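Okay, structure first, notes after.
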Amino acid sequence: MQYSTTIFGQTVSFLSKYRFDAVVGQHEGDRYVKKYSAWNELVVLMYAQATGKDSLREIETGLQTHESAWYHLGIKSVKRSTLSEAHERRSYKIFESTFYDLLEHCKGITPRHRFTFKNPLYALDSTMLELCLTLFPWAKYRTTKGALKMHTLFNVRTGIPEFIRVTNGKRADVTEARERFNTLEPESIVVFDRGYVDYKWWFTLTENRVWFVTRAKDNQATFVSGQHEKPVHPCCIADEKIYIRPVPN
């Protein structure tokens, strides 16, 4: 009998069910569960993400049209009421741990491409996602609006993130950066925007020999204290040593 699998099934096969089950056991994710296991939930969430489903009803309807593939994917139930209850009760740490486990695996097999920078190069930024405050009361942003922020440190050399952190919408970018992104190796270069202006943090980066590229704020006052060697590249306007002092409000 000839056997074939779907592209989605091949994608799921990259996950180690053995490691996933170990994480589920640590968090007791399948305690008192009969049908909708943590693996079942993971596959359903991956399907929803890959196909752009926006609601539990869409997920249920979409998977019901492919019921013949359930067995090979390890799915036993796709009822939206069951999905809703599982999302509410099961710990998110199961899927967070799975992400970082997969991330470490990806780092090990990522091909080493030719790169113009000798130094490790990173991009630091955050993304705001609006949420319904009634459904997600933890996602505090404004009085009547909810939102979450996804803070990401992206490794430009490998093309995969080094770190992803999800917080509520009120979490300042620079506050997250000060607490989470202080472990870069010396001689690294990190690029970020004006949301990360914090002179003490910049000084800490400099002391750790981590170089950064950013944009100046309108209220920044800079004082030139010296000139480095004349820039070789014609697009470089100046290469100066400066001191920065913010203008009082």
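Read-outs throughout are calculated quantities, based only on the coordinates presented, and are distinct from any laboratory measurement. Just so it is clear, the structure is predicted and the values come from calculations on it, not from any experiment. All Cβ positions, glycine included, derive from the backbone under ideal geometry; neighbour counts span all protein chains shown.
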I need the calculated FRET efficiency for the pair Glu207 and Asp101, taking r as the beta carbon distance and R₀ as 35 Å, to the nearest 0.05.
0.60
Check which residues have an amide H placed less than 5 Å from Val156's amide H, if you skip close sequence neighbours.
Leu121, Tyr122, Ala123
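Return the calculated 222 nm mean residue ellipticity for the chain, to the nearest 500 deg cm²/dmol, obtained by summing -39500 (n - 2.57) across DSSP H runs with n ≥ 4 and dividing by the residue count. Could you put the intermediate results ahead of the total?
Values: 9 runs with 87 residues, N = 249.
Calculated at 222 nm, the ellipticity per residue is -10000 deg cm²/dmol.
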Sequence-distant or interchain residues sharing an amide H contact under 5 Å with Val197, placed H: which?
none
Quick one: putting +1 on the C-beta of Lys and Arg, -1 on the C-beta of Asp and Glu, what dipole do you get for the stretch 111-231 around its Cα centre, in Debye to the nearest 20?
220
Quick calc of log₁₀ I(q)/I(0), the chain, Debye, one scatterer on every Cα, no solvent, q values 0.08, 0.10, 0.16 1/Å, result -0.47, -0.69, -1.31
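Fully extended, how many nm does the chain gain between Arg157 and Val224 (0.36 nm per residue separation, minus their Cα-Cα distance)? Provide the component values of the computation, followed by the final result.
Values: separation 67, 0.36 × 67 = 24.12 nm, distance 3.28 nm.
Stretched out fully, the Arg157 to Val224 stretch lengthens by 20.8 nm.
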If the reach is capped at under 18 angstrom between alpha carbons, list the lysines near Lys53, excluding any in the same chain fewer than eight residues apart.
Lys79
So who's got an amide H within less than 5 Å of the one on Phe163, skipping anything under 5 residues away but keeping other chains? H placed 1.01 Å off N, in plane.
Leu153
Tell me the net charge near Val224. Cut-off is 10 Å between Cβ atoms, Val224 excluded, with +1 for each Lys or Arg and -1 for each Asp or Glu.
0
Among Thr143, Trp202, Asn119 the positive-end extreme of the charge dipole of the stretch 113-215 (Cβ point charges)
Thr143
Unsatisfied cross-links (Cα-Cα over 23 Å) in the set Lys118/Lys149; Lys17/Lys93; Lys149/Lys241; Lys118/Lys230; Lys107/Lys140; Lys200/Lys230:
Lys118/Lys149; Lys149/Lys241; Lys107/Lys140; Lys200/Lys230
May I ask for the distance between the Cα centers of the stretch 58-103 and the stretch 18-42, given as a whole number of Å?
11
First obtain the Kirkwood hydrodynamic radius of the stretch 54-170 from its Cα pairs, then insert it into the Stokes-Einstein equation at 25 °C and 0.890 mPa s, and state the resulting D in µm² per second as a whole number.
139
Gln49 versus Arg194, label points 7 Å from Cα toward the beta carbon: distance in nm?
3.4
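Got a sec? How would Met150, Met128 order by Cβ neighbour count within 10 Å, fewest to most?
Details: Met150 14, Met128 10.
If I rank by nearby Cβ atoms, fewest first, I get Met128, Met150.
When the dipole is taken about the Cα centre of the chain, and only Lys, Arg (+1) and Asp, Glu (-1) are charged at their Cβ, what size is it in debye, to the nearest 20?
Values: 35 positive and 28 negative charges, 57 e Å.
Approximately 280 debye in magnitude.
Can you tell me what percent of all Cα-Cα pairs in the stretch 113-215 are more than 25 Å apart? Mind dumping the intermediate values first?
Numbers: 1424 of 5253 pairs.
Counting every Cα pair in the stretch 113-215, those more than 25 Å apart make up 27 percent.
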